[in-house]
1. Magnitude of the Cβ-charge dipole of region 97-218, K/R +1 and D/E -1, about the Cα centre, nearest 20 debye?
2. What does the accessible area of H127 come to, in Å² to the nearest 10, when a probe of 1.4 Å is used?
3. Kindly work out what percent of the DSSP beta bridges joining two residues of the chain are antiparallel, to the nearest 5.
4. Averaged per residue, what accessible surface does the chain expose to a 1.4 Å probe, in Å²?
5. What is the percent carbon and sulfur in the accessible area of region 233-303, measuring with a 1.4 Å probe over the protein chains and ignoring ligands?
6. Where does each of Y301, Y64 land when they are ordered by accessible area, with a 1.4 Å probe and the largest first?
7. Per-residue ellipticity at 222 nm for the chain, helices alone: DSSP H runs ≥ 4 residues times -39500 (n - 2.57), over residue total, nearest 500 deg cm²/dmol?
8. Within the accessible area of region 72-224, what % is carbon and sulfur when the probe is 1.4 Å and the other protein chains stay in place?
Amino acid sequence: MKVFSGSSNKPLAEKIAQKLNTKLSPLEIDVFPDSEKRVRVVDRVVEEDCVVVQSTSTPSDSNYMELFFIVDALKRSGAKSVTAVVPYLGYQRQDHIFRDGEAVSLQVIIETLERAGVSKLITFDLHSIKIPELFSIPVIHLSALELFANEIRKLEANKLDAVLVSPDMGGIRRIKILSEMLSNMPFAVIDKNRDPATGKISIKEIEGDVKGKQAIIVDDMISSGETIAKAVELLTKKGASNIFVFATHPVFSGNASKLLQNAPIEKIYVTDSIYVPVEKQFPKLEIISIANLICKSLKLYKI
Ligand code: R5P
């Protein structure tokens, strides 16, 4: 097996390669002055099973184009199979038509990935469990929840009066799974609404008791940080004693890092599904690696 990395999350790709007792295979990725990219496979890959690690986080378009080109280059160079490890699948929130006239952007991306020659996709904590159905190739949908459960067990919170909190109705399934992993830890759900035109968030109410409890918010991703900030505001108002946050994908757009650091949160746990540059890191942030889970799955599926 040969492991390649795009340029979006090399630290994760290196960890994966190291755990597989190998080194990243070289790729030439040139960027021209007009920002176009040129990709070239250096090693011989004829009849090889190849793995490409690329998170399609910001800049999503550019990271996707790079991934398409790497897959195309590998297939043209004779690779037997190409498994795309895309820990964060960009555009996943555009998986269906919300308003008349919209594109199904994720569908366009899926078709392009498949046409380029991806044989299998490994990804994490998709926004909707229906997304794998949009693919014609096998999708291995992994979750960081077991890593979060381990961390929550270590928290003082687990021994006290703790409650898991989903910041929106869409997260109920996730929170129920985690609650089961944690011997039926109680959970609460916030009724959040996002205006599809402006993206503005409003929070109505919370179902479940949080008064005097340690609240553990769990979400799939943090982008602007608005969802978490609003949830924290409500939990504080409702008398939660202290607040922890767990989210798989640290998208961290705009002012998110500052917003999170300044919010009354004890600690924020994310994964390395997306590389967080030093300037976006902050003292309350803890990054847990998903490299082991990816390696286990590569071995399990004999890639
Ligand atoms: C929404 O349904 C997702 O689960 C996240 O809560 C959301 O995408 C986070 O976005 P933001 O940080 O911009 O509020």
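The values are calculated or read from the model by the stated rules, or taken from the named source; none is laboratory data. None of the values given here were measured: they were computed from a predicted structure. When we count neighbours, we look across all protein chains shown, and the Cβ atoms used for this are built from the backbone with ideal geometry, even at glycine. Just the protein is used for accessible areas: all its heavy atoms, side chains included, with ligands, DNA and RNA removed. Shrake-Rupley method; radii C 1.70, N 1.55, O 1.52, S 1.80 Å.
1. 180
2. Around 80 Å² of this residue is reachable by solvent.
3. In the chain, DSSP labels about 20 percent of beta bridges as antiparallel.
4. Numbers: 14430 Å² over 303 residues.
With the other protein chains kept in place, the chain gives 48 Å² per residue.
5. On the way: 1780 of 3360 Å².
Heavy-atom surface of region 233-303 belonging to carbon and sulfur, 1.4 Å probe: 53 percent.
6. Working: Y301 110, Y64 5 Å².
Per-residue accessible area, sorted high to low, gives Y301, Y64.
7. Working: 8 runs with 88 residues, N = 303.
Mean residue ellipticity, 222 nm, calculated: -9000 deg cm²/dmol.
8. Carbon and sulfur: 49 percent of the exposed surface of region 72-224.
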